[in-house]
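S.K.: Please see the structure below; I have some questions.
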Amino acid sequence: MLKIRFFTACTLIIIHRSAEEKTKITGLNQDFYGRKIGIKRDADTAGKTGGKRDMKMNMLAIETKFLQPLDTVSGFGVRPGFYEMNGATKLSCGVNFTIHSQNATSCELLLFHRGEKEPYAVLPFPAHYRIGRVYSMIVFGLDIYDFEYAYRMDGPNDPARGLIFDKEKVLLDPYAKAVTQQSVWGSEPDRQGGYHARVVANDFDWGNMRQPLKPMQELIIYEMHVRGFTNHPSSGVKNPGTFAGIREKIPYLKQLGITAVELMPIFEFDEMMAQREVGGKKLLDYWGYNTVGFFAPNTGYTADVEYNREGNELKELIRELGENGIEVILDVVFNHTAEGNENGPFFSFKGIDNNIYYMLTPDGEYYNFSGCGNTINCNHPVVQQMILDCLRYWVIHYRVSGFRFDLASILGRNEDGSPMNQPPLLRNLAEDPILKDVKLIAEAWDAGGLYQVGNFPAWNRWAEWNGKYRDELRSFLKGDYWFAPEAAKRISGSPDLYGGQYRGYNSSINFLTCHDGFTLYDLYSYNEKHNEANGWNNTDGANDNRSWNCGAEGETDDGQVLALRRRLIKNACAVLMCSRGTPMFPAGDEFGNTQFGNNNPYCQDNEISWLDWSMLEKNREIFDFFRYMIAFRKSHAAIRGECMASGIGFPAVSVHTNEPWNSAVTAESRFIGVMFAGSEPEKPGTPGVAQETDREDLVYLAVNVYWEDQTFHLPKLPSGYRWRLAVNTAAERPEECCREKLHDMPVIESGFVMRPRSVAVFVGV
């Protein structure tokens, strides 16, 4: 692979061969076996739809008419395969199968008819088809639409050393691009036959589409559960709970103004694995943080069955989102798998290389830094390579723009579980040429107590969920004014956290709520969690919520309580959108979505988790405010940090108390102000140098979390500039809360009285 760093352009020079040379080599080349190969456009039969097979051009099919079987195994012509092509790959003459195991002594390929438990063919890999620890075989004459496949492996069984080979176990290919038995959401799969895989045609036509790849400072991230987003009857979509359902909502996403969606896990998982019943309701593994196959999309999220074209519906979604300027970020789970601990299922990694894929104690038991029974051994070279291959696959074949890594601190643990100073996996991901432009976002902690917010091995590449922003601003905004010093730092871009190996404020993903915890509405409606429906006697979920019910626990008809809740929601939105760093909020916060006080609905595939779209009209005022604040952030580069230095001499970010330029915020401060300043060019000039014609961008965020009025004074502006009030969450009428047009914004000379528990935003023009 050609690797180029620091260059801005690259030119390919093509030199024509002579006619004689062309004649000698037309259509032919050689692989490392010395076999003659070439590339062709093959009109091949595609998947069955309505009894028909679509004819598609397979642009990347390897011409194998020169290849002939060298051996016969179980009645099939075979020969050694392509050892660097992990997984199962369609060829014009058949299918190439490649799998590796460090400790297996033999390997069998199993072929199944669709939906059958027993294989119709078992093909042992001949001993000489193994190079190193890699088994590879081309099976001739296979049509990918006619079979599913799996493996069996034999080897030593020594649990104390972590070796638990069982030659009777059916094993899923770790590189499987599609997993069967999981096609219908909520249906019980037959696990006795094990998971099977399908070969994916991978012929989706992206055309000349480019990944949006916006700079971090331009992102407004919208966290979304695929099923929960549209499965409620009120969503009004034709394909509820699917990728196709999200496509139907793209006009809504554009209206809201977000620029990226972060999809909760879409890797294949088994929602039925831990199913149970509580109070007459079936509980499932709804969130999906229990991966079965890392390379395969969840087929339960598709509107149509996609035999051998698994992923096409997701690709159509990604393409249409991209065409509308919206990036797709995937929430990926490389910290554990669905195989659990010693008592968990046995369907893939345990049977292929248990002591390679998992962190094991000296006596062969599973470390549990994930809280889910096992921990992936991320810094073993074999596992590193699989993770790198996986992420590359999703970038190349799905055009995703970034990844959020669940419990990312595990990715920095050594094979014995100890934290590493220079984790090779994290650096490899940061430096990989394919991944170089995509977002890498860490949840910088794990269930083993390793908390690395502001201390994650970032290599000037990684961003992270800013857990301190969430915690400290939650406390401050509900009225704990003594958090004022911390709040000022978080709004300013957390400079105390993101220096050195970080990229400053571009490393901070700012959030107040996410899938894990209260919704924004519930944050101001409940003092305590209410997780009884989960069946654990309300013992699950976080106890430190830093919430406030505004005077009534849960739903109420009290008009004063409801008005206060709306104001606090607006306060949170305004502060989030006027903070340095990248804002993120979960779907539904923009219209007051509730989970009825459940702060851990990981198992609730019902109205607790599904977005009730009727709330959009009920809480239109909240939605309009979110839409306004998102547009406001987009229109002010000074907030995002994309300006040149201010031409009037104001610092890029400054913190104020009641008196301007007094930055001595203390635990006794009732009020804080944060001002952003910069210069935007009206016409091209010298980069980084303010011109006389440049437009000043001045934004002042004022926050009063106290229960009494607070008077403060705005900084004095140069001649020709005036402060105007753009946002005032204390306004009684919605139209006075946020003003769309500049001439409607009241002029503020200097002093301003902040009403209790309110936020105001001023612009200097």
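Here, each number is a calculation from the coordinates, and none is a lab measurement. Predicted, not measured: the structure shown is a model, and the values here were computed from it. Heads up, the Cβs are rebuilt from the backbone with ideal geometry, glycines too, and the neighbour counts pull from every protein chain shown.
S.K.: Among VAL705, VAL170, which comes first, then next, by fewest other beta-carbon atoms within 10 Å?
M.R.: Fewest-to-most ranking of VAL705, VAL170: VAL170, VAL705.
S.K.: Which of the peptides 546-555, 505-514, 428-437 is most tightly packed, and how do the rest follow, going by the mean number of other Cβ atoms within 10 Å of each residue? Please report the intermediate quantities before stating the final value.
M.R.: Values: 546-555: 16.9, 505-514: 24.2, 428-437: 15.2.
Packing proxy ranking, top to bottom: 505-514, 546-555, 428-437.
S.K.: Let me ask something else about it. Using only helices, what value at 222 nm comes out for the chain when you add -39,500 (n - 2.57) per DSSP H run of length 4 or more and divide by the total residues, to the nearest 500 deg cm²/dmol?
M.R.: My calculation for the chain gives -5500 deg cm²/dmol from helical runs alone.
S.K.: Here's another thing I want to ask about it. Within the chain, which whole H helices from DSSP have a Cα span along their axis of at least 30 Å and a mean Kyte-Doolittle hydropathy of -1.0 or more, if any?
M.R.: The answer is none, since no helix passes both cut-offs.
S.K.: Looking at the square roots a ≥ b ≥ c of the eigenvalues of the Cα gyration tensor of the stretch 549-615, which shape do they give, rounded for a/c under 1.5, prolate if a/b is larger than b/c, or oblate?
M.R.: Oblate, because a/c is 1.5 or more while a/b does not exceed b/c.
S.K.: When the Karplus curve 6.51 cos²θ - 1.76 cosθ + 1.60 is applied with θ = phi - 60°, which whole-Hz ³J(HN,Hα) does each residue of the stretch 433-446 get, with x for Gly and Pro?
M.R.: x, 5, 8, 4, 9, 8, 7, 10, 10, 9, 7, 7, 7, 8
S.K.: Given the C-alpha centroids of the stretch 208-249 and the stretch 280-298, what is the distance between them in whole angstrom?
M.R.: 18
S.K.: Further question on the same structure: I want the local charge near PHE147. Using Cβ-Cβ distances under 11 Å, sum +1 for each Lys or Arg and -1 for each Asp or Glu among the other residues. Each step should come with its number before you reach the end.
M.R.: Working: positive: ARG114, ARG198; negative: GLU116, ASP143, ASP146, GLU148.
Neighbourhood net charge equals -2.
S.K.: I would also like to ask the following. Using only the Cα atoms, what convex hull volume per residue in Å³ does the stretch 312-406 have?
M.R.: Details: hull volume 10.5 nm³, N = 95.
It is 111 Å³ per residue.
S.K.: Using a cut-off of 10 Å between beta-carbons, work out the net charge of the residues near LEU477 (Lys and Arg +1, Asp and Glu -1, LEU477 not included). Mind dumping the intermediate values first?
M.R.: Details: positive: ARG474, LYS478, ARG546, ARG757; negative: GLU472, ASP480.
Value of the local net charge: +2.
S.K.: From the square roots a ≥ b ≥ c of the eigenvalues of the alpha-carbon gyration tensor of the stretch 177-288, which class results: rounded (a/c under 1.5), prolate (a/b over b/c), or oblate?
M.R.: Oblate, because a/c is 1.5 or more while a/b does not exceed b/c.
S.K.: What shape does the chain take by its C-alpha gyration tensor, where a ≥ b ≥ c are the square roots of the eigenvalues and a/c under 1.5 counts as rounded, a/b above b/c as prolate, and the rest as oblate?
M.R.: Taking the square roots of the gyration eigenvalues as a ≥ b ≥ c, the chain is prolate.
S.K.: Could you please report the charge total around VAL705, scoring K, R as +1 and D, E as -1 over all other residues with beta-carbon less than 9 angstrom from its beta-carbon?
M.R.: In short, +2.
S.K.: How big is the gap, in Å, between the Cα center of the stretch 464-489 and the Cα center of the stretch 434-461?
M.R.: So the separation of the two Cα centres works out to 21 Å.
S.K.: While we're looking at this one, here's another question. Antiparallel as a % of all DSSP beta bridges within the chain, to the nearest 5?
M.R.: Around 75 percent antiparallel, to the nearest 5.
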